[in-house]
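*Asks:* The structure that follows is given in the form of structure tokens.
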Amino acid sequence: MEEILKLLLEEVKGLKGDIQSLKQGQQQTDQRLDRMESDITGIKSDITGINSNITGINSDIAGIKSDITSINSDITDLKTTVSNIEGQQMENSRIIHALRHNSEEVNAQLHNIGHNLDVLTGKAATKEDVSELNAKFDVLNNRLFQQEAAIHQLKAVK
């Protein structure tokens, strides 16, 4: 029986050693699990940061899209304005052309009046004739000056 007890004692000592080994292995496993948990926590934190960055980028993209829409609207408005200005410029050009034509017509009429007076009188002009002609020339010159001023103003608008 003593032998059995010795054997049992040796077995118990062997079991104690095995248990000690298992405890050390368990501690190493626990340490590894703790490191893994720490690593996973770090990864989760990194993923949260990445998600936050993605949200910021999406917000920036939405802002850029809004800016592009606004720019496109402004370009459309500018095109409309340019089209209106071109129409006004064409109209102003036609008015200037008409005023020039009218000015040339007035000059021709003035010349014709002088010629007709010479033909009708057939003689040298008297002081009264010269006064009348001067008055008519003044009226025609005033009209011509007003038309040229209008042409100048229209060119300035252009």
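Laboratory data are not the source of any read-out in this text; all were calculated from the coordinates shown. Everything numeric in this text was worked out from a predicted model, so none of it was measured. In this analysis, Cβ positions are derived from the backbone assuming ideal geometry, glycine residues included, and neighbour counts consider all displayed protein chains.
*Asks:* Based on Cβ point charges of +1 for Lys and Arg and -1 for Asp and Glu, what charge dipole magnitude is obtained for the chain about its Cα centre, in debye rounded to the nearest 20?
*Replies:* It comes to approximately 540 debye.
*Asks:* What's the exposure ranking of ARG143, ARG94, going from fewest to most Cβ atoms within 10 Å?
*Replies:* Ascending Cβ contact count within 10 Å gives the list ARG94, ARG143.
*Asks:* Still on this structure: On a 0 to 90 degree scale, rounded to 10, what angle separates helix 2-121 from the longest Cα axis of the chain?
*Replies:* Between the helix axis and the principal axis of the chain, the angle is about 0 degrees.
*Asks:* Related question: For the range 36-68 and the range 69-141, compute the distance between their C-alpha centroids and round to whole Å.
*Replies:* 71
*Asks:* Please compute the alpha carbon radius of gyration of the chain, then divide it by the globular-protein estimate 2.2 N^0.38 Å. Two decimals is fine.
*Replies:* 3.58
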